[in-house]
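Written below as structure tokens is the structure these notes are about.
Derivation of every value follows stated rules applied to the coordinates shown; laboratory data play no part. Remember, it's a predicted structure, so these values are computed and weren't measured experimentally. Don't worry about glycine lacking a Cβ; one is built from the backbone with ideal geometry, like all the others, and counts go over all protein chains shown.
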Amino acid sequence: MNTLPIIDIAPLYSDDQNAWPAVAEQIDHACREWGFFYITSHPISPARIAELLSAAKAFFALPAEEKLKIDITQTAHHRGYGAIATEQLDPSKPSDLKETFDMGFHMDLNHPEVLAGKPLRGPNRHPDLAGWTELMEQHYGDMQGLAKTLLRAMALALNIERDFFDSRFNEPISVLRMIHYPPRHTATSAEQQGAGAHTDYGCVTLLYQDDAGGLQVRNRDGEWIDAPPIAGSFVVNIGDMLARWSNDRYTSTPHRVISPSGVDRYSMPFFAEPHPDTLIDCLPNCSSADNPPKYSPVTSAAYLLSRFADTYAYRREEQAQV
């Protein structure tokens, strides 16, 4: 239990539908035993990753006043730039040693859901960098496509309709995030980590990490193990929402980032989340008389917002004013 599974998902992109069950079985086992695994042979090209990494470095190198023009604390729908120590993923540790950029499914201000004031709905807030908006919007769509392919394999593993998740992830509240972790020596204390120990809130996370290292996963024995970078891979992990949906058949696993010494670290997680009105209720085949549903039904938006309040001080302040 000291090495995460590595799953080649090339068969999910072949014309041979009979190749799917073997991959689905591997994913099912990884989700049950780990909640974490690597995927290889996905359709996101190395050239795309290089372009994204270059853009991220350019953005995070901007002066603070430029980045704060899209300050995430000044938006109601959680888009834009998060300064260092904006987040506190582990309440027992200092706020995280990282800065972020978040974007989601773009909706114009005149979209009916935006006009209705629905949570987590609105336009993206991009920095004024040449080519940035087009690159990020394209990558967001491509990552959503990859996530939906994985979810179809999970549906097969869960013995539910293969397209169960497809309609539920239409106009999603998925988030593409760019993260910069400064070197460890810039921490305000020895206790400050890049990202404190936590489980992800949503359904499925797909993470690109550069070669700096620092990601750690807690195995079933409670030991922290390294999840080192593997060229051409994404790290995939289950979030709390899918754990609820599957009645804990698939479990979310604590993980953290220890900022590396002497180098900057960049990562790009994609958090795949369904449409905000999607009801997260126990999936078919995930409960029985001996294993009744453990969680009350809740919409995806309501669940995410409740978790945001635990992590972001500005969200707690907003809720206190309601």
For segment 197-320, the Cα-Cα pair-distance distribution in 5 Å bins from 0, as whole percents, is 2, 10, 16, 19, 18, 16, 11, 6, 2, 1, 0
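Please rank Arg184, Arg121, fewest neighbouring Cβ atoms within 10 Å first, as an exposure proxy.
Arg184, Arg121
Give the relative contact order (percent, whole number) for the chain; include only Cα pairs under 8 Å separated by 6+ residues.
20 percent
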Ordering 166-173, 253-260 by per-residue average of other C-beta atoms within 10 angstrom, highest first, gives 253-260, 166-173
Given pairs Lys69/Lys93; Lys67/Lys148; Lys67/Lys118; Lys69/Lys118 and cut-off 30 Å on Cα-Cα distance, the over-length ones are Lys67/Lys148
Magnitude of the Cβ-charge dipole (Lys and Arg +1, Asp and Glu -1) of the chain about the Cα centre, nearest 20 debye, reported as 440 debye
Going from the fewest other Cβ atoms within 10 Å to the most, one would list Leu68, Leu242 as Leu68, Leu242
With +1 at each Lys and Arg Cβ and -1 at each Asp and Glu Cβ, the charge dipole magnitude of segment 42-87 around its Cα centre, to the nearest 20 debye, comes out at 140 debye
Note: probe point = Cα of Asn291 + 7 Å toward Cβ; backbone nitrogen < 13 Å; residues of segment 10-32 passing the test are 29, 32
Among Leu215, Met241, Ala227, the residue whose Cα sits farthest towards the positive end of the charge dipole of segment 195-245, when +1 is placed on the Cβ of each Lys and Arg and -1 on the Cβ of each Asp and Glu, is Met241
If Arg162, Arg152 are placed from fewest to most neighbouring beta carbons inside 10 Å, the sequence is Arg162, Arg152
Given 37 °C, 0.692 mPa s and a Kirkwood radius over Cα pairs, the Stokes-Einstein diffusion coefficient of segment 1-155 in µm²/s is 178 µm²/s
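Sum up the charges of everything whose Cβ sits under 14 Å from the Cβ of Gln138, counting Lys and Arg as +1 and Asp and Glu as -1, but leave Gln138 out.
-3
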Summing -39500 (n - 2.57) over every DSSP H run of at least 4 in the chain, dividing by its residue total and rounding to the nearest 500, the 222 nm mean residue ellipticity is -9000 deg cm²/dmol
Which of (1) 54, 46, 40; (2) 70, 45, 32; (3) 83, 45, 36 gives Cα extents along the principal axes in Å as computed here? It is (1)
Log10 I(q)/I(0) at q = 0.17 Å⁻¹ for segment 67-218, from Debye over equal alpha-carbon scatterers, is -1.17
Kirkwood calc, segment 49-139, C-alpha pairs only, radius in angstrom 14.4 Å
Computed from the beta carbon distance with a Förster radius of 25 Å, FRET efficiency for Asp281 and Asn170 to the nearest 0.05 stands at 0.90
